[in-house]
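The block underneath contains the structure these notes are about, expressed in structure tokens.
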Amino acid sequence: MNDRLLFKPGHTACAGCGQAIAARIVIETAGPNTIIANNTGCLEVFTTRYPESAWNVPWIHSLFENAPAVASGIEAALIYMGKKEGVNIIAQAGDGGTADIGLQALSGMWERGQDILSICYDNEAYENTGIQRSGATPYGTNTTTTPVGAKSTGNLRSKKNIPEIAVAHGIPYVATASVAFIQDLQRKVKKAISIKGSKYIQIHVPCPLGWRHQANETLLVAKLAVETGLYPLIEYENGNFLSCRKITPKPVEEYLKIQGRFKHLLNNPQELKKIQDIADNNIKKYALKMESQ
Amino acid sequence: MKEFLEGSRAVAEIIKLCKPGVISAYPITPQTHIVEELAQMVANGELSSQFINVESEHSAASVVLGASATGVRTFTATSSQGLFYMGEVIFNIAGVRLPLVMTCANRAISAPINIWNDQQDSISLRDAGWIQLYAENVQESADFHLIGYRVSEDKSIMLPVMICMDGFILTHGIESVDMPKQAQVDKFLPAYKALYKLDPSEPLTMGILADPDYYMEARYAIHATFKDVLELLPKVSQEFSDIFGRDYKDLLVEEYFTKDAEKVIVAMGSVCGTIKEVVDELRAKGKKVGLLRIISYRPFPYARIYEALKNVSKVAILDKSVSLGAYAPLASEIKSVFSNKKKLPKVISSFVAGLGGRDITLESIREIFRKLNAKELVQEFIDLKPELLKEQYE
Amino acid sequence: MFGPLIVKPEKSKGDKTGSWRIKVRPKYLQKNCIACKMCLLVCPENCIIGKEKNAFSTDYNFCKGCGLCAVVCPKADIEMVEEESLEDKKGMAK
């Protein structure tokens, strides 16, 4: 903890917001010598409504999709002034701002290899505008633009794999994290900022409003996403698979049944099987399963 | 010392003398020569700027936004589709109140795709909160960038400036230019010291959400600042003249034989050179004609234009852009200058010319003067090809 | 003239989001606390203070009553209690 609160109370996130927890952990871990460029989204709206600001570090919001480019300008300016040393730059966004509308600017920044940590707070939909589907929305999710109906069982597409897209850019550090595993998140942020170059951390942050679970279940939901294999916690360094969080896999129903967004799938064995397959593929692909002792 | 320089080269030389900390750009014709020259200067070690190549104009504008917010002088240049792709960033830079200078190498807008000059691009962004100055020639193109920084960074202004120079005609045209010396530039434009910046030693929150309780005042404040720009431009012009010896008068408009004129064309940019030639020719024949050149399109100098045109009986407005389905942009604004005024021209006719690089010749200008008769023309397109208009899609 | 809209964070007092609580609020029993700081770490509001054992508390001016601190506490030393049944109301947001 820093003596000065870097993320102040009095912001207007929903009760139990996973993103608010993660955002605070990120900035507290990065410390006061950090400048943040923030895309438009929940985080921006609930932390900076004039004349209030939750941020006790230099912070700028420009648009929905340009935080990586704004951050690039910040880095260039600091280098020009000879003030880059010891200053962390974070470009942060939600999953829509990362996987969809902001992917181009993010790719450009990664390709330039700028010394910036990009963070994606992944709550798997456009929660701020009312829970519409994004490229990071998982298969089968009931959102307001992939509603369930007589001819629909929710989102038709699988979640876009941004971490692997990041790795393909050849950036030195890529990780996924979860708000359920805070020490792991802290470690990853610490590690990322210790590495020079572009880094990417994608943090799974449940949204009680959009996912339709109780406010006090945020950590439980996030934990089950990891423990079912649906949200693997993985780490790449210099393009090499470094580590993953080992799990004793639980059936996906345990994760799905406590969220309203998946309720429609519970009596649909065919659809459940497809989601179990996604988890099983992850478990196999990343060797998530804990070896029996 | 005067030298022959391509317009883009002259602009790049001036930018170099302004010592921007960060330059970012994405290539688009006809802006490319400017940023290529700057990239070469950085590569040669003549210029210590950070030069950031980006994946789009959207990011180019965002990079300079971020750099300006961090407290350094910045530069970018674009054109046409590039300016449109920057569009939301353009509004954003002004809204966050960040000073910077950008060149718009004026070019037509697609579709049909066309790389040649008109002014549809910058005109379409007129409401973005940027100061817009239109250059007539290469010398002005260079000088206005220097003036742009001086105005943009003024503590009472803090708004971005777009220097509009006609694509190809000015960006690729070679003219004799008087390039200033570094010491003169340093005197006119001191090192940039930001009024507010992203700095860990003094955290600030920028780009904040304003709800209905605050939004209007934030927008009004920009609008009101433009009135200050109208007052500042003549002062900066005087300072410029004192140091560099070139007098742009009030920097709002240029009056060319308007005092006793019966017929005046109002226009912006390089076409004014052509108009001046025709004015000289007709004056030699005893015709009382003149030109009112708009330099500052934003802020729009209503009062100054009124003074210049109130005693003129026939006014032609030449637009190199259109507002499809309405009066051409400059024409509608000139017309609005005279609403509720006692003195006003008998005729205010609108002419659209030069779209997509169609040459505006001496004869085109003569035709406008000829057509400027007792009867007001609502809107006329000059040099249209009637035979093409008869063709039909089958 | 108004603007630019730039906020100095030290001047921001924050919204009194404690008024959002409708049902329950956390009660710090301060009996079995081991100062693991998990409550503090998971609080989305960052409104929990405390360093020593059995000395953690929340600022009810900001606490939205999400209950994550009570869920995460390994010693069950935080209880969610009904707003009305609270005998001591002096900590309530004014």
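The alpha carbons of the protein assembly as shown give a radius of gyration and a Dmax of 30.5, 106 Å, in that order.
Centroid-to-centroid, using Cα positions, segment B:191-227 and segment B:363-394 are 46 Å apart.
Per DSSP H run of n ≥ 4, the term is -39500 (n - 2.57); total these for the protein assembly as shown, divide by its residue number, and report the mean residue ellipticity at 222 nm rounded to 500 deg cm²/dmol. Walk me through the numbers on the way to the answer.
Numbers: 25 runs with 266 residues, N = 781.
That calculation yields -10000 deg cm²/dmol at 222 nm.
Considering only GluC sites (Glu not before Pro) in DSSP loops that have at most 11 other Cβ atoms within 10 Å, the longest stretch of chain A without any of them is A:86-290. Compared with the rule-of-thumb size 2.2 N^0.38 Å for a compact globular protein, segment B:2-244 has a Cα radius of gyration ratio of 0.96. Projected onto planes of every orientation and averaged, the convex hull of the alpha-carbon atoms in segment A:151-293 covers 9.7 nm². Shape descriptor for segment A:1-44: Rg over Rh equals 0.94 (Cα atoms; Rh from the Kirkwood inverse mean 1/r). Beta bridges from DSSP with both residues in segment A:158-293: antiparallel share about 50 percent, rounded to the nearest 5. When A:H213, A:H11 are arranged by Cβ crowding within 10 Å, least crowded first, meaning fewest neighbours, the order is A:H213, A:H11. Looking at segment B:1-110, the pairs of alpha carbons with a distance over 20 Å make up 36% of the total.
Cα-Cα over 22 Å: which of B:K16/B:K320; B:K287/B:K375; B:K320/B:K371; B:K19/B:K197; B:K249/B:K371; B:K227/B:K249? Before the final figure, lay out the partial values.
Numbers: B:K16/B:K320 30 Å; B:K287/B:K375 19 Å; B:K320/B:K371 18 Å; B:K19/B:K197 19 Å; B:K249/B:K371 31 Å; B:K227/B:K249 18 Å.
B:K16/B:K320; B:K249/B:K371, as the Cα separations exceed 22 Å there.
Counting neighbouring beta carbons within 10 Å and listing from fewest to most, the residues B:T225, A:T153 come out as A:T153, B:T225.
Take the Cα pairs of segment B:165-269, get the Kirkwood Rh, then feed it into Stokes-Einstein at 37 °C and 0.692 mPa s and tell me D in µm²/s. Please report the intermediate quantities before stating the final value.
On the way: Rh = 18.7 Å.
Estimated diffusion coefficient is 175 µm²/s.
Roughly how many Å is it from the Cα centre of segment A:76-109 to that of segment C:39-70, as a whole number? Centre-to-centre distance over Cα atoms comes out at 32 Å. Straight-line cross-link partners of A:K289 among the aspartates and glutamates, defined as a Cα under 16 Å from its Cα and at least 8 positions apart when in the same chain: A:E227, A:E235, A:D277, A:D280.
The A:E111 and B:K288 beta-carbon pair, evaluated with R₀ = 41 Å, returns a calculated FRET efficiency of approximately 0.10. Over segment A:18-285, what portion of Cα pair distances is larger than 26 Å, expressed as a whole percent? For segment A:18-285, the share of Cα pairs beyond 26 Å comes to 38 percent. Hey, with R₀ at 22 Å, roughly what FRET efficiency would B:S48 and B:M1 work out to, going by the Cβ-Cβ distance, to 0.05? Once rounded, the FRET efficiency stands at 0.35. If R0 equals 56 Å, the separation of the Cβ atoms of C:E79 and B:K335 corresponds to a calculated FRET efficiency of about 0.15.
What separates the Cα centres of segment A:145-168 and segment B:1-48 is a distance of 45 Å.
Against the main long axis of the alpha-carbon atoms of chain B, helix B:32-43 sits at an angle near 30°. At full extension, B:A326 and B:E387 could sit 19.5 nm farther apart than now, given 0.36 nm per residue minus the alpha carbon distance.
The fewest-to-most ranking of B:K341, A:K84, B:K263 by surrounding Cβ atoms within 10 Å reads B:K341, A:K84, B:K263. Volume of the convex hull of segment B:253-389 (Cα atoms only), normalised per residue: 113 Å³. Once the convex hull of all Cα atoms in segment A:178-230 is built, its volume per residue stands at 91 Å³.
Coordinate-derived values only; no laboratory data. These figures come from a predicted structure and were not determined experimentally. Cβ atoms come from the backbone with ideal geometry, glycine included; neighbour counts cover every protein chain shown.
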